1. Which one is surrounded by the fewest Cβ atoms within 10 Å (Cβ to Cβ) among residues in the stretch 76-108 that are touching a residue at least 40 places away in the same chain (Cβ under 8 Å) and charged (D, E, K, R)?
2. What are the residues in the stretch 345-377 that are assigned to a helix (DSSP H, G or I) and more than 17 Å from ILE245 (Cβ to Cβ), if any?
3. Among the numbered criteria (1) in a loop (DSSP other than H, G, I, E, B); (2) among the small types (Gly, Ala, Ser); (3) touching a residue at least 12 places away in the same chain (Cβ under 8 Å), which single criterion is violated by ALA386?
4. Please name all residue pairs, on different chains or six or more residues apart, with Cβ atoms under 6 Å, provided the first residue is in the stretch 124-141 and is at pLDDT 95 or above and the second residue is assigned to a helix (DSSP H, G or I) and hydroxyl-bearing (Ser, Thr, Tyr).
5. Being among the small types (Gly, Ala, Ser) and touching a helix residue (DSSP H, G or I) at 6+ places or on another chain (Cβ under 7 Å) is the filter; apply it to the stretch 442-457 and report the residue that is surrounded by the most Cβ atoms within 10 Å (Cβ to Cβ).
6. Step by step: first the residues of the stretch 164-220, then only those that are assigned to a helix (DSSP H, G or I) and not assigned by TED's automatic domain parsing to the domain that holds PRO353, then the one that is farthest from VAL324 (Cα to Cα). Which residue is that?
7. SER29 fails exactly one of the following numbered conditions: (1) free of Cβ contacts under 8 Å to residues at least 24 places away in the same chain; (2) within 21 Å of ARG116 (Cβ to Cβ); (3) among the polar types (S, T, N, Q). What is the number of that condition?
8. Every residue in the stretch 285-339 that is at pLDDT 95 or above, part of a strand (DSSP E or B) and of a type in the set (Val, Ile, Thr), please.
Amino acid sequence: MTDWQKFLKTNQERFEGELLDFVSIPSVSASSEYVEDVERAARWVSNRLEKAGAENTVIMPTGGHPVVYGDWLHAGKSKPTILIYGHFDVQPAEPFDLWDTPPFKPEIRNGKVYGRGASDDKGGMLIPIISFEAIKNTRGELPVNVKFLFEGQEEIGSPELPEFMAKHRKKFSCDMIFSADGLQWTEDEPNIVLGLKGLIGVEIKLTGPKVDQHSGLHGGAIANPLMALSQLVASMKDQNGKILIDNFYDDVVELTLEDKDEISKVPYDEAAYIAELGVPELFGEAGYSTRERLWARPTLDINGIWGGYQGLGSKTVHPAEASVKITCRLVANQNPDKIFNLITKHVERHTPPGTTSSIQKLAGDGDPFLMPRSHNASKVAKDILAEVYQKEPYETRLGGSIPIMTIFLKELGVHGTMFGFSLGDENLHAPNEFFRLKNFKRGQIAYCKLLETLGSD
(Lines give C-alpha, C1' and ligand atoms only; values in the text may rest on other atoms or scores of the structure.)
Protein backbone atom coordinates (compact mmCIF):
# COMPACT_ATOMS: atom_id res chain seq x y z
CA MET A 1 0.00 0.00 0.00
CA THR A 2 1.41 3.40 -1.01
CA ASP A 3 1.60 6.32 1.39
CA TRP A 4 -1.27 8.08 -0.35
CA GLN A 5 -3.38 4.94 -0.16
CA LYS A 6 -2.74 4.79 3.58
CA PHE A 7 -3.68 8.46 3.84
CA LEU A 8 -6.97 7.87 2.01
CA LYS A 9 -7.82 4.88 4.19
CA THR A 10 -6.97 6.65 7.44
CA ASN A 11 -8.97 9.78 6.61
CA GLN A 12 -11.99 8.27 4.88
CA GLU A 13 -14.36 8.97 7.76
CA ARG A 14 -13.33 12.63 7.66
CA PHE A 15 -13.90 12.79 3.91
CA GLU A 16 -17.39 11.36 4.26
CA GLY A 17 -18.20 13.92 6.95
CA GLU A 18 -16.96 16.70 4.67
CA LEU A 19 -19.19 15.45 1.88
CA LEU A 20 -22.21 15.53 4.19
CA ASP A 21 -21.31 19.09 5.22
CA PHE A 22 -20.88 20.15 1.60
CA VAL A 23 -24.18 18.62 0.45
CA SER A 24 -26.05 20.35 3.29
CA ILE A 25 -25.48 23.73 1.58
CA PRO A 26 -28.54 24.41 -0.66
CA SER A 27 -26.54 25.92 -3.53
CA VAL A 28 -29.40 26.00 -6.05
CA SER A 29 -28.24 28.21 -8.91
CA ALA A 30 -31.63 28.45 -10.64
CA SER A 31 -33.37 30.42 -7.88
CA SER A 32 -32.61 33.91 -6.56
CA GLU A 33 -33.71 32.59 -3.18
CA TYR A 34 -30.43 30.68 -2.89
CA VAL A 35 -27.89 33.24 -4.15
CA GLU A 36 -26.23 33.54 -0.74
CA ASP A 37 -26.08 29.75 -0.42
CA VAL A 38 -24.26 29.47 -3.75
CA GLU A 39 -21.79 32.02 -2.40
CA ARG A 40 -21.51 29.99 0.82
CA ALA A 41 -20.74 26.88 -1.21
CA ALA A 42 -18.03 28.81 -3.07
CA ARG A 43 -16.43 29.77 0.25
CA TRP A 44 -16.63 26.14 1.39
CA VAL A 45 -14.82 25.01 -1.77
CA SER A 46 -12.17 27.71 -1.49
CA ASN A 47 -11.47 26.82 2.14
CA ARG A 48 -11.32 23.11 1.29
CA LEU A 49 -8.80 23.75 -1.48
CA GLU A 50 -6.60 25.70 0.94
CA LYS A 51 -6.86 22.89 3.47
CA ALA A 52 -5.77 20.43 0.78
CA GLY A 53 -2.65 22.49 0.08
CA ALA A 54 -3.69 24.47 -2.99
CA GLU A 55 -2.30 27.96 -3.44
CA ASN A 56 -3.64 31.21 -4.86
CA THR A 57 -7.20 30.21 -4.04
CA VAL A 58 -9.73 32.88 -4.94
CA ILE A 59 -13.46 33.29 -5.48
CA MET A 60 -13.79 34.99 -8.85
CA PRO A 61 -16.85 37.07 -9.85
CA THR A 62 -18.45 36.33 -13.20
CA GLY A 63 -21.41 38.68 -13.32
CA GLY A 64 -23.51 35.77 -12.07
CA HIS A 65 -22.69 32.90 -9.73
CA PRO A 66 -18.94 32.74 -8.97
CA VAL A 67 -16.02 30.54 -9.97
CA VAL A 68 -13.49 29.18 -7.46
CA TYR A 69 -9.85 28.93 -8.53
CA GLY A 70 -6.81 27.36 -6.89
CA ASP A 71 -3.50 25.97 -8.09
CA TRP A 72 -0.16 24.34 -7.34
CA LEU A 73 2.42 25.15 -10.02
CA HIS A 74 5.80 24.00 -8.69
CA ALA A 75 6.34 20.78 -10.69
CA GLY A 76 8.36 22.65 -13.30
CA LYS A 77 7.95 23.53 -16.96
CA SER A 78 8.87 20.01 -18.06
CA LYS A 79 5.73 18.66 -16.41
CA PRO A 80 2.21 19.14 -17.78
CA THR A 81 -0.31 21.54 -16.30
CA ILE A 82 -3.61 19.83 -15.49
CA LEU A 83 -6.89 21.73 -15.12
CA ILE A 84 -9.51 19.96 -12.99
CA TYR A 85 -13.12 21.06 -13.39
CA GLY A 86 -16.32 20.56 -11.41
CA HIS A 87 -19.39 22.47 -10.25
CA PHE A 88 -20.79 23.17 -6.78
CA ASP A 89 -24.25 24.38 -7.77
CA VAL A 90 -27.16 21.96 -7.70
CA GLN A 91 -30.60 21.47 -9.22
CA PRO A 92 -33.74 22.59 -7.37
CA ALA A 93 -34.92 19.89 -4.95
CA GLU A 94 -38.68 20.27 -5.48
CA PRO A 95 -41.00 18.45 -5.04
CA PHE A 96 -39.81 18.10 -1.46
CA ASP A 97 -42.57 15.66 -0.49
CA LEU A 98 -41.09 13.00 -2.78
CA TRP A 99 -37.86 12.85 -0.77
CA ASP A 100 -37.55 10.15 1.88
CA THR A 101 -35.32 12.50 3.89
CA PRO A 102 -34.83 16.29 3.52
CA PRO A 103 -32.64 17.02 0.47
CA PHE A 104 -30.31 19.35 2.34
CA LYS A 105 -29.99 17.24 5.47
CA PRO A 106 -27.87 14.50 3.90
CA GLU A 107 -27.37 11.14 5.51
CA ILE A 108 -25.63 7.85 4.79
CA ARG A 109 -27.79 4.76 4.26
CA ASN A 110 -26.59 1.41 2.98
CA GLY A 111 -23.28 2.76 1.72
CA LYS A 112 -24.87 5.71 -0.10
CA VAL A 113 -24.97 9.43 0.65
CA TYR A 114 -28.49 10.79 0.07
CA GLY A 115 -29.01 14.51 -0.63
CA ARG A 116 -29.37 17.00 -3.45
CA GLY A 117 -26.05 17.35 -5.25
CA ALA A 118 -24.46 14.29 -3.63
CA SER A 119 -23.86 12.73 -7.04
CA ASP A 120 -24.16 15.79 -9.29
CA ASP A 121 -21.57 17.12 -8.67
CA LYS A 122 -20.48 17.64 -5.06
CA GLY A 123 -19.34 14.08 -4.49
CA GLY A 124 -17.62 14.08 -7.86
CA MET A 125 -15.79 17.39 -7.46
CA LEU A 126 -14.67 16.65 -3.89
CA ILE A 127 -12.86 13.53 -5.14
CA PRO A 128 -9.96 15.27 -6.97
CA ILE A 129 -9.51 17.73 -4.08
CA ILE A 130 -9.07 14.76 -1.73
CA SER A 131 -6.67 13.04 -4.15
CA PHE A 132 -4.66 16.25 -4.49
CA GLU A 133 -4.46 16.47 -0.68
CA ALA A 134 -3.42 12.82 -0.34
CA ILE A 135 -0.45 13.15 -2.68
CA LYS A 136 0.54 16.61 -1.46
CA ASN A 137 0.38 15.49 2.19
CA THR A 138 2.41 12.32 1.71
CA ARG A 139 4.94 13.48 -0.90
CA GLY A 140 5.15 17.15 -0.02
CA GLU A 141 4.66 18.04 -3.67
CA LEU A 142 2.69 17.12 -6.78
CA PRO A 143 4.15 15.29 -9.78
CA VAL A 144 2.34 17.71 -12.13
CA ASN A 145 1.20 21.31 -12.13
CA VAL A 146 -2.46 21.54 -11.12
CA LYS A 147 -5.17 24.17 -11.55
CA PHE A 148 -8.73 23.93 -10.26
CA LEU A 149 -11.83 25.56 -11.74
CA PHE A 150 -15.07 24.96 -9.88
CA GLU A 151 -18.16 26.88 -11.03
CA GLY A 152 -21.49 27.77 -9.46
CA GLN A 153 -23.71 27.99 -12.54
CA GLU A 154 -23.44 24.72 -14.49
CA GLU A 155 -27.01 23.69 -13.71
CA ILE A 156 -28.33 26.82 -15.46
CA GLY A 157 -26.14 26.42 -18.54
CA SER A 158 -23.04 28.39 -17.44
CA PRO A 159 -24.36 31.65 -18.98
CA GLU A 160 -21.48 33.86 -17.80
CA LEU A 161 -18.69 31.34 -18.44
CA PRO A 162 -18.02 32.07 -22.16
CA GLU A 163 -17.19 35.73 -21.47
CA PHE A 164 -15.45 34.83 -18.19
CA MET A 165 -13.18 32.24 -19.82
CA ALA A 166 -12.35 34.54 -22.71
CA LYS A 167 -11.29 37.20 -20.19
CA HIS A 168 -9.18 34.79 -18.11
CA ARG A 169 -7.64 32.56 -20.81
CA LYS A 170 -4.10 32.99 -19.50
CA LYS A 171 -5.02 32.15 -15.92
CA PHE A 172 -6.64 28.87 -16.94
CA SER A 173 -4.17 27.89 -19.67
CA CYS A 174 -3.25 24.22 -19.41
CA ASP A 175 -2.15 21.11 -21.27
CA MET A 176 -4.98 18.79 -20.26
CA ILE A 177 -8.44 19.14 -18.72
CA PHE A 178 -10.26 16.55 -16.61
CA SER A 179 -13.88 17.03 -15.64
CA ALA A 180 -15.03 15.59 -12.32
CA ASP A 181 -18.57 16.00 -13.62
CA GLY A 182 -19.05 12.70 -15.43
CA LEU A 183 -20.41 9.17 -15.36
CA GLN A 184 -19.27 5.57 -15.21
CA TRP A 185 -21.38 2.90 -16.91
CA THR A 186 -22.37 0.80 -13.89
CA GLU A 187 -21.12 0.37 -10.34
CA ASP A 188 -18.39 -2.00 -11.57
CA GLU A 189 -18.08 -1.13 -15.27
CA PRO A 190 -16.02 1.87 -16.38
CA ASN A 191 -16.91 4.30 -19.11
CA ILE A 192 -15.25 7.10 -21.05
CA VAL A 193 -17.54 9.66 -22.70
CA LEU A 194 -16.21 10.85 -26.04
CA GLY A 195 -19.05 13.01 -27.29
CA LEU A 196 -21.79 15.39 -26.17
CA LYS A 197 -24.57 16.93 -28.23
CA GLY A 198 -25.03 20.63 -28.78
CA LEU A 199 -28.34 22.48 -28.51
CA ILE A 200 -30.42 25.10 -30.27
CA GLY A 201 -33.97 26.10 -29.33
CA VAL A 202 -36.51 28.21 -31.20
CA GLU A 203 -40.03 29.51 -30.68
CA ILE A 204 -42.20 29.99 -33.76
CA LYS A 205 -45.46 31.95 -33.82
CA LEU A 206 -48.03 32.09 -36.60
CA THR A 207 -50.68 34.82 -36.57
CA GLY A 208 -53.83 35.18 -38.64
CA PRO A 209 -56.81 37.43 -37.84
CA LYS A 210 -56.40 40.23 -35.34
CA VAL A 211 -58.55 38.39 -32.75
CA ASP A 212 -60.15 34.94 -32.40
CA GLN A 213 -62.99 34.50 -34.87
CA HIS A 214 -66.28 32.55 -35.00
CA SER A 215 -65.47 29.36 -36.92
CA GLY A 216 -68.97 29.21 -38.43
CA LEU A 217 -68.93 32.78 -39.71
CA HIS A 218 -65.35 32.81 -40.99
CA GLY A 219 -64.20 29.18 -41.29
CA GLY A 220 -63.32 28.44 -44.91
CA ALA A 221 -62.62 32.07 -45.70
CA ILE A 222 -59.38 32.62 -43.75
CA ALA A 223 -56.40 30.50 -42.74
CA ASN A 224 -56.40 28.86 -39.32
CA PRO A 225 -53.04 29.61 -37.60
CA LEU A 226 -53.20 26.45 -35.48
CA MET A 227 -53.79 24.24 -38.53
CA ALA A 228 -51.14 26.19 -40.45
CA LEU A 229 -48.62 25.72 -37.64
CA SER A 230 -49.29 21.98 -37.62
CA GLN A 231 -48.62 21.87 -41.35
CA LEU A 232 -45.45 23.94 -40.95
CA VAL A 233 -44.08 21.70 -38.21
CA ALA A 234 -44.99 18.57 -40.18
CA SER A 235 -42.90 19.88 -43.09
CA MET A 236 -39.76 19.69 -40.95
CA LYS A 237 -39.55 15.90 -40.60
CA ASP A 238 -40.76 12.93 -42.63
CA GLN A 239 -42.50 9.80 -41.36
CA ASN A 240 -39.20 7.91 -41.21
CA GLY A 241 -37.63 10.39 -38.78
CA LYS A 242 -35.48 12.26 -41.33
CA ILE A 243 -35.24 16.04 -40.83
CA LEU A 244 -36.31 17.80 -44.03
CA ILE A 245 -34.83 21.26 -43.44
CA ASP A 246 -32.52 22.01 -46.36
CA ASN A 247 -28.79 21.56 -45.59
CA PHE A 248 -29.53 20.49 -42.00
CA TYR A 249 -27.17 17.49 -42.21
CA ASP A 250 -24.41 19.18 -44.23
CA ASP A 251 -21.88 19.47 -41.39
CA VAL A 252 -22.70 16.25 -39.53
CA VAL A 253 -19.65 14.06 -38.88
CA GLU A 254 -20.78 10.62 -40.01
CA LEU A 255 -20.08 7.56 -37.89
CA THR A 256 -17.11 5.48 -39.02
CA LEU A 257 -17.12 1.70 -38.93
CA GLU A 258 -14.87 1.95 -35.84
CA ASP A 259 -17.39 4.29 -34.18
CA LYS A 260 -20.24 1.89 -34.91
CA ASP A 261 -18.21 -1.03 -33.58
CA GLU A 262 -17.44 0.75 -30.28
CA ILE A 263 -21.10 1.69 -29.83
CA SER A 264 -22.21 -1.89 -30.51
CA LYS A 265 -19.92 -3.15 -27.72
CA VAL A 266 -21.87 -1.25 -25.06
CA PRO A 267 -24.52 -3.48 -23.41
CA TYR A 268 -28.02 -2.76 -24.67
CA ASP A 269 -31.37 -4.45 -24.01
CA GLU A 270 -33.97 -2.96 -26.32
CA ALA A 271 -36.91 -4.72 -24.68
CA ALA A 272 -35.84 -3.38 -21.28
CA TYR A 273 -35.44 0.11 -22.74
CA ILE A 274 -38.95 0.01 -24.21
CA ALA A 275 -40.36 -1.21 -20.90
CA GLU A 276 -38.48 1.48 -18.96
CA LEU A 277 -39.96 4.23 -21.13
CA GLY A 278 -43.42 2.73 -21.33
CA VAL A 279 -43.69 3.14 -25.11
CA PRO A 280 -45.22 0.59 -27.54
CA GLU A 281 -42.12 0.66 -29.77
CA LEU A 282 -39.07 2.76 -30.60
CA PHE A 283 -38.94 5.27 -33.45
CA GLY A 284 -36.23 7.35 -35.05
CA GLU A 285 -34.20 8.16 -38.13
CA ALA A 286 -34.09 5.15 -40.43
CA GLY A 287 -30.74 3.49 -41.13
CA TYR A 288 -29.26 3.85 -37.65
CA SER A 289 -29.42 1.80 -34.46
CA THR A 290 -31.16 3.22 -31.40
CA ARG A 291 -27.84 3.93 -29.69
CA GLU A 292 -26.43 5.56 -32.80
CA ARG A 293 -29.45 7.87 -32.97
CA LEU A 294 -29.25 8.66 -29.24
CA TRP A 295 -25.54 9.42 -29.23
CA ALA A 296 -24.44 10.51 -32.69
CA ARG A 297 -27.35 11.76 -34.80
CA PRO A 298 -29.01 15.19 -34.62
CA THR A 299 -32.63 15.55 -33.57
CA LEU A 300 -35.53 17.98 -33.97
CA ASP A 301 -38.26 17.78 -31.35
CA ILE A 302 -41.39 19.70 -30.39
CA ASN A 303 -41.27 20.63 -26.71
CA GLY A 304 -44.60 22.43 -26.57
CA ILE A 305 -47.36 23.60 -28.91
CA TRP A 306 -50.34 25.78 -28.09
CA GLY A 307 -53.16 27.91 -29.48
CA GLY A 308 -56.93 28.15 -29.50
CA TYR A 309 -59.38 26.87 -26.92
CA GLN A 310 -58.18 24.18 -24.50
CA GLY A 311 -60.87 24.21 -21.80
CA LEU A 312 -63.67 21.75 -21.15
CA GLY A 313 -66.21 21.06 -23.85
CA SER A 314 -66.32 22.75 -27.24
CA LYS A 315 -65.73 26.32 -28.29
CA THR A 316 -66.17 26.95 -32.00
CA VAL A 317 -63.33 29.40 -32.23
CA HIS A 318 -60.93 30.17 -35.04
CA PRO A 319 -57.68 31.06 -33.14
CA ALA A 320 -55.85 34.26 -33.93
CA GLU A 321 -52.42 32.79 -33.28
CA ALA A 322 -50.52 29.59 -32.48
CA SER A 323 -47.00 28.90 -31.20
CA VAL A 324 -44.54 26.05 -30.89
CA LYS A 325 -41.22 25.52 -29.08
CA ILE A 326 -38.68 23.32 -30.86
CA THR A 327 -35.23 22.15 -29.81
CA CYS A 328 -32.55 20.45 -31.87
CA ARG A 329 -29.81 18.34 -30.35
CA LEU A 330 -26.75 18.82 -32.55
CA VAL A 331 -23.71 16.67 -33.28
CA ALA A 332 -20.20 17.49 -34.48
CA ASN A 333 -19.62 19.68 -36.47
CA GLN A 334 -23.01 21.42 -36.51
CA ASN A 335 -23.18 25.06 -35.46
CA PRO A 336 -26.19 26.39 -33.47
CA ASP A 337 -26.28 29.75 -35.28
CA LYS A 338 -26.14 28.08 -38.69
CA ILE A 339 -28.94 25.67 -37.76
CA PHE A 340 -31.05 28.58 -36.49
CA ASN A 341 -30.61 30.33 -39.83
CA LEU A 342 -31.60 27.16 -41.70
CA ILE A 343 -34.73 26.77 -39.57
CA THR A 344 -35.57 30.45 -40.13
CA LYS A 345 -35.30 30.06 -43.90
CA HIS A 346 -37.45 26.92 -43.76
CA VAL A 347 -40.14 28.77 -41.80
CA GLU A 348 -40.08 31.65 -44.26
CA ARG A 349 -40.45 29.32 -47.25
CA HIS A 350 -43.11 27.06 -45.72
CA THR A 351 -45.36 29.47 -43.84
CA PRO A 352 -48.87 28.66 -45.15
CA PRO A 353 -50.77 31.40 -47.01
CA GLY A 354 -52.97 33.64 -44.91
CA THR A 355 -50.65 33.59 -41.89
CA THR A 356 -47.63 35.59 -40.78
CA SER A 357 -44.67 33.87 -39.07
CA SER A 358 -42.10 35.04 -36.55
CA ILE A 359 -39.24 33.10 -35.01
CA GLN A 360 -36.90 33.75 -32.11
CA LYS A 361 -33.89 31.86 -30.80
CA LEU A 362 -34.22 30.65 -27.23
CA ALA A 363 -31.49 31.10 -24.63
CA GLY A 364 -29.15 28.26 -23.76
CA ASP A 365 -27.71 27.16 -27.12
CA GLY A 366 -24.42 25.26 -27.16
CA ASP A 367 -21.96 23.64 -29.53
CA PRO A 368 -21.57 19.86 -29.81
CA PHE A 369 -18.42 18.22 -28.49
CA LEU A 370 -16.52 15.24 -29.89
CA MET A 371 -13.21 14.01 -28.53
CA PRO A 372 -10.60 12.94 -31.11
CA ARG A 373 -10.18 9.17 -30.82
CA SER A 374 -6.38 9.48 -30.45
CA HIS A 375 -6.56 12.17 -27.75
CA ASN A 376 -3.73 11.69 -25.22
CA ALA A 377 -5.65 12.67 -22.06
CA SER A 378 -8.48 10.28 -22.88
CA LYS A 379 -6.05 7.45 -23.49
CA VAL A 380 -4.47 8.00 -20.07
CA ALA A 381 -7.91 8.14 -18.47
CA LYS A 382 -8.95 4.90 -20.18
CA ASP A 383 -5.80 3.15 -18.94
CA ILE A 384 -6.39 4.33 -15.36
CA LEU A 385 -10.03 3.20 -15.42
CA ALA A 386 -9.03 -0.20 -16.78
CA GLU A 387 -6.53 -0.56 -13.94
CA VAL A 388 -8.91 0.58 -11.21
CA TYR A 389 -11.95 -1.39 -12.40
CA GLN A 390 -9.99 -4.33 -13.85
CA LYS A 391 -12.10 -3.95 -17.00
CA GLU A 392 -11.67 -2.02 -20.22
CA PRO A 393 -13.96 1.05 -20.24
CA TYR A 394 -16.75 1.37 -22.75
CA GLU A 395 -16.52 4.28 -25.20
CA THR A 396 -19.83 6.13 -25.16
CA ARG A 397 -21.44 9.44 -26.01
CA LEU A 398 -24.24 11.40 -24.37
CA GLY A 399 -27.34 12.93 -25.91
CA GLY A 400 -27.17 15.78 -23.41
CA SER A 401 -25.04 18.92 -23.38
CA ILE A 402 -22.37 20.26 -21.00
CA PRO A 403 -21.59 23.85 -22.11
CA ILE A 404 -18.23 24.14 -20.35
CA MET A 405 -16.64 21.44 -22.52
CA THR A 406 -17.12 23.44 -25.70
CA ILE A 407 -16.18 26.66 -23.89
CA PHE A 408 -12.86 25.07 -22.85
CA LEU A 409 -12.16 23.98 -26.41
CA LYS A 410 -12.97 27.39 -27.85
CA GLU A 411 -11.14 29.54 -25.28
CA LEU A 412 -8.27 27.29 -24.14
CA GLY A 413 -7.85 25.11 -27.23
CA VAL A 414 -7.99 21.95 -25.12
CA HIS A 415 -10.44 19.04 -25.26
CA GLY A 416 -11.75 18.16 -21.80
CA THR A 417 -11.83 14.54 -20.67
CA MET A 418 -14.76 13.49 -18.50
CA PHE A 419 -13.37 11.65 -15.47
CA GLY A 420 -16.26 11.41 -13.03
CA PHE A 421 -17.66 8.58 -10.91
CA SER A 422 -21.40 9.13 -10.69
CA LEU A 423 -23.91 6.70 -12.20
CA GLY A 424 -27.01 7.41 -14.23
CA ASP A 425 -29.25 5.57 -11.75
CA GLU A 426 -28.38 7.87 -8.82
CA ASN A 427 -31.47 10.07 -9.31
CA LEU A 428 -29.54 13.02 -10.70
CA HIS A 429 -31.95 16.01 -10.89
CA ALA A 430 -34.65 13.90 -9.18
CA PRO A 431 -35.89 13.24 -5.63
CA ASN A 432 -33.74 10.97 -3.43
CA GLU A 433 -30.48 11.70 -5.27
CA PHE A 434 -27.61 9.63 -3.87
CA PHE A 435 -23.92 8.88 -4.41
CA ARG A 436 -22.28 5.52 -3.80
CA LEU A 437 -19.46 5.67 -1.25
CA LYS A 438 -17.85 2.75 -3.08
CA ASN A 439 -17.27 4.96 -6.10
CA PHE A 440 -16.45 7.97 -3.92
CA LYS A 441 -13.48 5.94 -2.65
CA ARG A 442 -12.70 4.40 -6.03
CA GLY A 443 -12.59 7.85 -7.62
CA GLN A 444 -10.02 9.04 -5.08
CA ILE A 445 -7.73 6.17 -6.03
CA ALA A 446 -8.27 6.84 -9.73
CA TYR A 447 -7.38 10.53 -9.46
CA CYS A 448 -4.26 9.76 -7.44
CA LYS A 449 -3.17 7.28 -10.08
CA LEU A 450 -4.00 9.79 -12.80
CA LEU A 451 -1.80 12.50 -11.25
CA GLU A 452 1.06 10.04 -10.70
CA THR A 453 0.84 8.67 -14.24
CA LEU A 454 0.78 12.10 -15.85
CA GLY A 455 3.79 13.12 -13.75
CA SER A 456 5.83 10.08 -14.77
CA ASP A 457 5.43 10.50 -18.54
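The values are calculated or read from the model by the stated rules, or taken from the named source; none is laboratory data. Predicted model, so just to flag it, every value in this text is computed and none were measured. Cβ: placed from backbone, ideal geometry, glycine included. Neighbour counts: every protein chain shown.
1. Of everything passing the filter in the stretch 76-108, ASP100 is surrounded by the fewest Cβ atoms within 10 Å (Cβ to Cβ).
2. Kept after step one, since they are assigned to a helix (DSSP H, G or I), are these residues of the stretch 345-377: 345-350, 376-377.
The answer is ASN376, ALA377.
3. Of everything listed in (1) in a loop (DSSP other than H, G, I, E, B); (2) among the small types (Gly, Ala, Ser); (3) touching a residue at least 12 places away in the same chain (Cβ under 8 Å), ALA386 misses just condition (1).
4. These pairs meet every condition: ILE127/TYR447; PRO128/TYR447; SER131/TYR447.
5. Initially, the stretch 442-457 is screened for residues among the small types (Gly, Ala, Ser), giving 443, 446, 455-456.
Going one step further and asking which of them are touching a helix residue (DSSP H, G or I) at 6+ places or on another chain (Cβ under 7 Å), we end up with 443, 446.
On the way: GLY443: 27, ALA446: 25.
That would be GLY443.
6. That would be LYS167.
7. (1)
8. ILE302, ILE305, VAL324, ILE326, THR327
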